[in-house]
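The values are calculated or read from the model by the stated rules, or taken from the named source; none is laboratory data. Nothing here was measured: the structure is a model prediction, and the numbers come from that model. Every residue, glycine among them, receives a Cβ derived from its backbone with ideal geometry; neighbour counts consider all protein chains shown. Accessible surface areas use protein heavy atoms only, side chains included; no ligands, DNA or RNA. Shrake-Rupley method; radii C 1.70, N 1.55, O 1.52, S 1.80 Å.
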Amino acid sequence: MRWLGLLAVLLVGCGGPTPAAEFGEALFQDARLSDSQFNSFSCATCHTASTTPEPDRMLAGYPLGNVVSRKTWWGGYETDLLSAVNFCYLGFMRGVTPLTREEPKARALYEYLARISPAADAPALPLTVVKDIQEVPPGDAGRGGAVYRAACQTCHGAPHTGEGRLTSFASLLPEVTDDYDRLFPGIPRRLVVIEKLRHGSSFGVGGTMPLYSLEALSDEDLAAVLAFLGL
């Protein structure tokens, strides 16, 4: 279901009327879409606004081109677009209360998503969440470096130093795994990292990391990044 009610313009500060879609585009790129001072994610952290993935990035979320034209979201688990947005907003962006259809920010974001959804109809996209965490075969460390840069470095920064990371709260890799023997006694470090990648903050794992489905990160690429991290 689409958002109910469209908005032509929004008044922003003293600058006069701003087209809603333009305001929504700014919100799409801005972590301040969330009302939490501890949030560092924007929609653009996990999604592109195109219909195809960026060749040099492996994002947790699908491209959002034509997102309004889909019938379902989150692999068919959500049949309302605003509910799908709120899944991210509350789960990853630390939103305190769900966005509502009446809020100017939510309505502007919808206008932007509608603008990048020119197709009259678009297929729903699969989302395969790995329910039970299992080991993966040894991977190619050389390939893992490319996977790390494409999937991990935006948030976690450069390996060992964290240079360029999204926030100081993002774990330093692979050094953070040095604490896993104490924090997760009896569980191999590899399995802990697999758990975090596959489940993010879901399944009671904690933190705010988004999950990586099989469509977003194959087992082969997962194994490669583990090898690159020396795990």
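Any residue at all in region 181-191 that is among the acidic types (Asp, Glu) and open to solvent by 70 Å² or more (accessible area, probe 1.4 Å)? Looking for residues that are among the acidic types (Asp, Glu) and open to solvent by 70 Å² or more (accessible area, probe 1.4 Å), one finds at least one in region 181-191, hence yes.
State all residues of region 43-88 that are open to solvent by 40 Å² or more (accessible area, probe 1.4 Å) and in a strand (DSSP E or B); if no residue qualifies, say none. Residue satisfying the conditions is 78 alone. Out of contact with any Pro (no Cβ under 6 Å at 6 or more places or on another chain), closer than 20 Å to residue 88 by Cα and crowded, with 19+ Cβ neighbours inside 10 Å, is that true of residue 196? Yes.
Scanning region 158-172 for any residue that is assigned to a helix (DSSP H, G or I) and more than 16 Å from residue 141 (Cβ to Cβ) turns up nothing. Out of all the residues in region 89-143, which are assigned to a loop (DSSP other than H, G, I, E, B), touching a residue at least 60 places away in the same chain (Cβ under 8 Å) and of a type in the set (Lys, Arg)? Passing the criteria: 94, 101.
Being surrounded by fewer than 15 Cβ atoms within 10 Å (Cβ to Cβ) and either touching a His at 6+ places or on another chain (Cβ under 8 Å) or among the charged types (D, E, K, R) (or both): is that true of residue 140 here? No, not satisfied.
For region 16-33, the condition of being β-branched (Val, Ile, Thr) and either at pLDDT 95 or above or part of a loop (DSSP other than H, G, I, E, B) (or both) holds for none of the residues.
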